[in-house]
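Below is one structure, written out as structure tokens; comments come after it.
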Amino acid sequence: MKRLLHYSLLLKNIAYSLLLLAAAITLYQLVALYPLHWDATRNASNSLSPTSVETLKQLQGKLNVTMYANSKDAELGDIEQFVRDFIGLYQRYKTDISLTFVDPVRDAEAMRKAQIRANPEMVVEYGGRSEHLTLLNEQSFTSALLRLAHTKNQQLMYVDGHGERKLDGMANHDLGDFGKKLRQNGFQLSSLNLALAQDVPGNGSVLVITQPQIRMLPGEVDKILRYVDNGGNLLWLLDAEPLQGLERLAAKLGILLTPGVITDPDAQKMNAPDYWTLGASYPPHPITSNFNLITAFPYARSLGREDSSVQTDSEAKNITVGWQRSTLVEAASNGWVNRTAIPKKPQFDKNRDIPGPFSLAITLQRTLNAREQRIVVVGSGSFLANAYSGNGGNIDLGINMVNWLTHEENLITAQPRATRDSAITLSKTQLTVIIVGFLIALPLLLAAIGTVQWWRRRN
């Protein structure tokens, strides 16, 4: 009887051990197939931003990453482990990312073939194209992926020669910061002097027009109108100034421009300058999908509509070219348009001023010759100027506009998260309390407690 009981207990233990082993193996397989990660850091430094995740979704196919560096560095430490951890963040969302290390000392020939000029340097390859990186962080790596994600070379041309804002200019009124961001995202930029060019080149993806400071020649405007008639995509950044010859373009697009600058009391309540209009209302559109950042439009003008002009255009080869118009940014619901310069203490005059709300940015699109033509008009040239582009989501909205104009809606991604400030600032008094407390008071207290315990036990 005892022996039977012993065997029964042994069988139960074996069965329990087998079940426990099976459960462990099953759990391991589930973890391998469905890995879960939880980033508990304050700045989410161990996970990717939504922009990076959305960018990875656009890369359909294998991504090869080659790191040319010594595995150990006196200053940087274990480079190989750092790179593995960094690329591992991306491999969580795209499992077909391959990572290879090449030692520049042991394999100098591979360095020469890959045209490596720095140590360390990373090469990212996708779809037969490659990007070289010498600075490794999420912003630089994701920017490289965005450039590789472009399915074709996208060239942006900006009209020059009349004092316009330049996409490569560094002055406050220029658009250099915006242009730099466009280059990071894979766009090619080139200036266009219409007085010298025979016509607007047909190989460009988008024509950018900013406010001319001198009047454009009729022949130059004719070239722009032909570009529009032929189905060219256009980004037009308007200022609250005379159009300098572009009145015919406004008429062709059916845009009614009310003289004056918008006053936005809601912006003034936020202690913004009197000449700012804040954009916070974005009607549904692919450009503003999941976009919820405030944007600032200095010296903005209202973009009205001339319905009679947004109809059939007889100049465009007798084809019906009715524009489909959408408001992209609506603002100043409590504001008005000052027909004169903005006073120091602006007040609404019902006999002279025009009440809001107003359209600050609009889109126009139509199907022409079996191809969709797209146009974006913004009533503030300063919106993307170097002096103001860093405010709110200005540059992000500008990039979304260009992506839509170039038919790259798949690259219109969620905005990058803001990094919280994790620095701790302490006064001299607080530092003194901490030093005295932890280095003097606490050790003395522990010593006193130990002494008391020793004395009790002895007695």
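How about the range 14-116: which helices (runs of 4 or more DSSP H) wholly inside it have at least 2 residues that are at negative phi, modelled with pLDDT of 75 or more and of a type in the set (Lys, Arg)?
Per the criteria, 108-113.
Taking the residues in the range 139-183 that are in a loop (DSSP other than H, G, I, E, B) and of a type in the set (Asp, Glu) as candidates, determine which candidate is farthest from GLU241 (Cα to Cα).
Taking the candidates together, the pick is ASP168.
Give me the strands (runs of 3 or more DSSP E) completely within the range 215-290, filtered to those with at least 1 residues that are among the polar types (S, T, N, Q) and either touching a residue at least 60 places away in the same chain (Cβ under 8 Å) or in the same structural domain as GLY322 (by TED's automatic domain parsing) (or both), ordered by residue number.
So the answer is 261-263, 276-281.
Please work out which residue is surrounded by the fewest Cβ atoms within 10 Å (Cβ to Cβ), limiting yourself to the range 232-280 and to residues that are of a type in the set (A, V, I, L, M, F, W, C) and more than 29 Å from PRO201 (Cα to Cα).
MET270
Quick check on my filter: what residues within the range 360-382 are of a type outside the set (A, V, I, L, M, F, W, C), surrounded by fewer than 24 Cβ atoms within 10 Å (Cβ to Cβ) and not in a loop (DSSP other than H, G, I, E, B)?
Correct list: THR363, GLN365, ARG366, THR367, ARG371, GLU372, GLN373, ARG374.
Name the single residue that is surrounded by the fewest Cβ atoms within 10 Å (Cβ to Cβ) among those in the range 85-129 being hydroxyl-bearing (Ser, Thr, Tyr) and either in contact with a helix residue (DSSP H, G or I) (Cβ under 8 Å, 6 or more places away or on another chain) or farther than 30 Å from LYS57 by Cβ (or both).
TYR93
The values are calculated or read from the model by the stated rules, or taken from the named source; none is laboratory data. Every value quoted in this text rests on a predicted model; they were computed, and no experiment measured them. Methodologically, a virtual Cβ is constructed for each residue, glycine included, from the backbone with ideal geometry; neighbour enumeration extends over all protein chains shown.
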